[in-house]
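Chemist: One structure is given below, represented as structure tokens, and several questions about it will come after.
The values are calculated or read from the model by the stated rules, or taken from the named source; none is laboratory data. From a predicted model like this one, the values you see are computed outputs, not experimental measurements. All Cβ positions, glycine included, derive from the backbone under ideal geometry; neighbour counts span all protein chains shown. We work out accessible area using only protein heavy atoms, side chains counted, and drop any ligands, DNA or RNA first. Shrake-Rupley method; radii C 1.70, N 1.55, O 1.52, S 1.80 Å.
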Amino acid sequence: MTYEETLHYLYTSIPVFQHSGASAYKPGLGTSIALDDYLGNPHKAYKTIHVAGTNGKGSVSHLLAAILRQSGFKVGLYTSPHLVDFRERIRVNGKKISQDYVVDFVERHRSFFEPLHPSFFELTSSMAFEYFRDQQVNYAVIEVGLGGRLDSTNIITPILSIITNISLDHTQFLGDTEEKIAAEKAGIIKKGVPALLGEAEKQSVYDVFKNKAEEVGAPFYYAQRMDMVKDECRLTVGGKWFFPSVEYGEIQGELGGEVQVRNAVTVLSAIHILRTELGVDIIPEAVHEGFAHVTKLTGLMGRWQTLRSKPTVICDTGHNVGGWEHLAEHLKVLRQYCGQIYMIVGMVNDKDIDGVLSLMPQDAFYFFTQASVERAMPVEDFAVKAMRHGLSGTLCDTVQDAVEKALRRARENDLIFIGGSTFIVADALPLFMKEDEYK
């Protein structure tokens with residue numbers, strides 16, 4: 001099979017949560033363990049760091065991978081979902097897995113895995129674990145797909161478990177309260193493995209993780225109490241953050257958005273644990289370089305990413321209430337520096353759509369649209385909901401149509417924001433990228 005044929009096979013033969021949602025969700029570790037045993041437990045060949053959380057786990061995972069890479073290690077990075085190309089999910093030192101490896105993995109192992117009927121994520125996780133072994137990585141940063149306790153990545157025994165934060169998302173799978181969701185994500189905490197919690201807005205959520213760590217005998221750390229940042233962080237007009245860290249002096253962060261302050265505190269706390277408790281040789285220069293150049297070092301996209309200027313076009317994959325609480329604040333700050341704000345937005349059916357819409361700016365003009373996935377809420381339905389929240393604009397059948405109309409309408413000092421869903425951003429990115437940037 002060619003690479004395109006292999007992807008078609010994976011997308012059509014195996015349930016893909018990214019496209020289909022609930023019908024592709026397959027809780028439990030049985031299939032993952034069977035695949036792992038068949039492949040010879042590849043994840044045991046290198047050290048891993050496990051990252052879960054409702055928001056921020058992608059940024060935290062990429063920042064850790066960048067810092068470890070700049071410290072001289074060969075680093076695997078497994079994340080989801082992808083935005084433009086499937087191979088974004090599996091990288092070593094920032095370089096995507098090769099098309100040939102993807103094709104070869106499926107052809108070599110399909111006779112074994114087909115009778116198991118694995119989910120897309122189960123199979124992709126196994127592919128990543130074997131690829132990292134074949135590439136002889138020193139460390140692999142593994143991002144949880146959904147939840148934690150029953151996620152297919154939870155077969156690993158990492159050197160550090162990180163939970164970034166908790167808010168309501170995927171409630172149909174993980175529970176309808178933050179405490180229930182926390183209990184699922186706390187499932188990655190393992191005996192003897194240090195566990196780091198980035199933040200918890202409620203004491204009851206904090207208690208879930210603290211109690212789980214005590215129950216299994218895991219050292220527990222809370223980033224908000226580790227004092228890794230000594231003063232107020234500064235945000236420049238250009239969207240860059242400066243973090244006054246205790247251990248490394250002032251650090252410039254490349255990633256924009258209000259949420260990056262809390263992500264930085266979590267990452268700096270994780271680096272402290274890795275260096276002082278686990279003996280990982282992380283050099284100070286690597287911390288500065290990792291924060292300043294994370295997109296180049298890891299290929300990260302879609303986190304308050306500037307796609308063009310005059311007019312400024314920014315995209316962000318925030319797609320739930322927790323994420324939008326930060327996005328709304330950042331848009332409010334930028335409002336004083338730009339003219340009109342134009343919003344290109346759409347969402348998928350299984351999110352708290354009303355909760356997110358209530359946080360979107362009412363003084364913006366909207367291009368309501370829908371992504372090219374089955375889960376996308378039809379633009380007509382989405383627009384009706386949006387208008388009930390006082391948001392007004394026009395309907396566009398596709399993201400491309402919305403982008404073209406917004407660019408024609410916007411002046412040089414205006415701001416165009418693209419988001420509401422990971423898949424809206426995924427449809428938009430190729431419109432702004434050169435073809436060789438995502439091949």
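Chemist: What's the number of the condition Asp401 fails, among (1) over 27 Å from the mean Cα position of the chain (by Cα); (2) of a type outside the set (Lys, Arg); (3) at pLDDT 95 or above?
Modeler: Condition not satisfied by Asp401: (1).
Chemist: Here is a further query. Would you please name the residue that is nearest to Glu201 (Cα to Cα), looking only at residues in segment 343-372 that are in a loop (DSSP other than H, G, I, E, B) and acidic (Asp, Glu)?
Modeler: Taking segment 343-372 and keeping what is in a loop (DSSP other than H, G, I, E, B), we get 346-347, 349-352, 358-364, 369-372.
Right, trim to acidic (Asp, Glu) and you get 350, 352, 363.
Details: Asp350: 24, Asp352: 19, Asp363: 29 Å.
Looking at residues that are in a loop (DSSP other than H, G, I, E, B) and acidic (Asp, Glu), I get Asp352.
Chemist: Can you list residue pairs whose Cβ atoms sit under 8 Å apart, with the first residue in segment 68-95 being more than 25 Å from Asp316 (Cβ to Cβ) and open to solvent by 20 Å² or more (accessible area, probe 1.4 Å) and the second being basic (Lys, Arg) and assigned to a loop (DSSP other than H, G, I, E, B)? Count only pairs 6 or more apart in sequence or on different chains.
Modeler: So the pair list comes out as Asn93/Lys74.
Chemist: Just checking, which of Leu150, Leu160, Leu146 is assigned by the TED database to the domain that holds Leu68, surrounded by fewer than 19 Cβ atoms within 10 Å (Cβ to Cβ) and under 28 Å from Lys47 (Cβ atoms)? Let's see the steps before the verdict.
Modeler: Values: Leu160 fails: surrounded by fewer than 19 Cβ atoms within 10 Å (Cβ to Cβ); Leu146 fails: surrounded by fewer than 19 Cβ atoms within 10 Å (Cβ to Cβ).
Exactly one residue qualifies, and that residue is Leu150.
Chemist: When both residues are 6+ apart or on different chains and their Cβ atoms are under 6 Å apart, which pairs have a first residue that lies in segment 404-430 and is outside the structural domain of Val379 (by the TED database) and crowded, with 21+ Cβ neighbours inside 10 Å, and a second that is part of a helix (DSSP H, G or I) and at pLDDT below 95?
Modeler: Hits for this filter: zero, empty list.
Chemist: I need the helices (runs of 4 or more DSSP H) fully contained in segment 252-342, keeping only those with at least 1 residues that are at pLDDT 95 or above and open to solvent by less than 10 Å² (accessible area, probe 1.4 Å).
Modeler: Values: elements: 260-272, 284-292, 294-298, 321-334.
Output list reads 260-272, 284-292, 294-298.
Chemist: Answer yes or no as to whether Ser358 is free of Cβ contacts under 8 Å to residues at least 40 places away in the same chain, open to solvent by 50 Å² or more (accessible area, probe 1.4 Å), out of contact with any strand residue (DSSP E or B) (no Cβ under 7 Å at 6 or more places or on another chain) and not β-branched (Val, Ile, Thr). Walk me through how you get there before you give the answer.
Modeler: On the way: free of Cβ contacts under 8 Å to residues at least 40 places away in the same chain: yes; open to solvent by 50 Å² or more (accessible area, probe 1.4 Å): yes; out of contact with any strand residue (DSSP E or B) (no Cβ under 7 Å at 6 or more places or on another chain): yes; not β-branched (Val, Ile, Thr): yes.
Considered against the rule, which asks whether it is free of Cβ contacts under 8 Å to residues at least 40 places away in the same chain, open to solvent by 50 Å² or more (accessible area, probe 1.4 Å), out of contact with any strand residue (DSSP E or B) (no Cβ under 7 Å at 6 or more places or on another chain) and not β-branched (Val, Ile, Thr), Ser358 comes out as yes.
Chemist: Looking at Phe220, Phe242, can you tell me which residue is farther than 21 Å from Gly323 by Cβ, in contact with a Cys (Cβ under 9 Å, 6 or more places away or on another chain) and open to solvent by less than 50 Å² (accessible area, probe 1.4 Å)? Outline the logic, then answer.
Modeler: Values: Phe220 fails: in contact with a Cys (Cβ under 9 Å, 6 or more places away or on another chain).
Every option except Phe242 fails the conditions.
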